[in-house]
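What follows is one structure encoded as structure tokens, with my remarks underneath.
The values are calculated or read from the model by the stated rules, or taken from the named source; none is laboratory data. These numbers come from a predicted model, not from an experiment. All Cβ positions, glycine included, derive from the backbone under ideal geometry; neighbour counts span all protein chains shown.
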């Protein structure tokens, strides 16, 4: 039986359209950097209210992706590890 390792990272997606669109934005943006995405779990939904501005729907999620040999090497200091960490920060608001 083979073993697998998954990483879970927190993301926040925003949209002025809907919570569904906010989740889609977060996943599509992460997919530009991460490979082999597996599961997205919605942790929290809220709406940012600012007078005179459209409502902003925000979704905080945990997104998992499969660690492979390249990802494990990245965790030891290669350029790919830096890209993964940037996704964690870039999507947070």
> Has segment 49-69 got any residue that is at pLDDT below 95, exposed (fewer than 13 other Cβ atoms within 10 Å of the Cβ), on the phi < 0 side of the Ramachandran plot and not in a strand (DSSP E or B)?
Replying inline: yes
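Which count do you get for residues in segment 21-47 that are part of a helix (DSSP H, G or I) and either in contact with a helix residue (DSSP H, G or I) (Cβ under 9 Å, 6 or more places away or on another chain) or more than 15 Å from residue 62 (Cα to Cα) (or both)?
Residues that pass the stated criteria total 3.
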